[in-house]
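Engineer: Okay, here's the structure, questions in a sec.
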Amino acid sequence: MSHDLSPQNERFVEQAVNSGQFRDRGQALDEAVELLKKRLELLEHIDEGTRQLAGGDYDEYDDRGLREFFDDVQRQGRLRYEASKKGR
């Protein structure tokens, strides 16, 4: 398969390989594609959030409600962490 890159991007990949960050050009390009996939997935999440906001699908919190929400998130995180330590 052909890998057509701009001269600037080709130099960047070559420098990354020569510096030892990647073992070869293929590995560098594979990593670039994985990052592109993650970026596109993130953009999809942002679009979904934007649609939800536009449609009024969200909760509003005052200062007290927000503090309670974060306290609950922390509590749940601690519980999950403790459960994962027991499962080792």
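The values are calculated or read from the model by the stated rules, or taken from the named source; none is laboratory data. As the structure is a prediction and not an experimental result, all values here were calculated from the model. In this analysis, Cβ positions are derived from the backbone assuming ideal geometry, glycine residues included, and neighbour counts consider all displayed protein chains.
Engineer: Scan segment 75-85 for residues that are loosely packed, with under 10 Cβ neighbours inside 10 Å and either in the same structural domain as residue 17 (by TED's automatic domain parsing) or among the polar types (S, T, N, Q) (or both) and report the count.
Structural biologist: 1
Engineer: Go through (1) modelled with pLDDT of 95 or more; (2) not in a helix (DSSP H, G or I) one by one and return the number of the condition residue 2 breaks.
Structural biologist: It is condition (1) that residue 2 fails.
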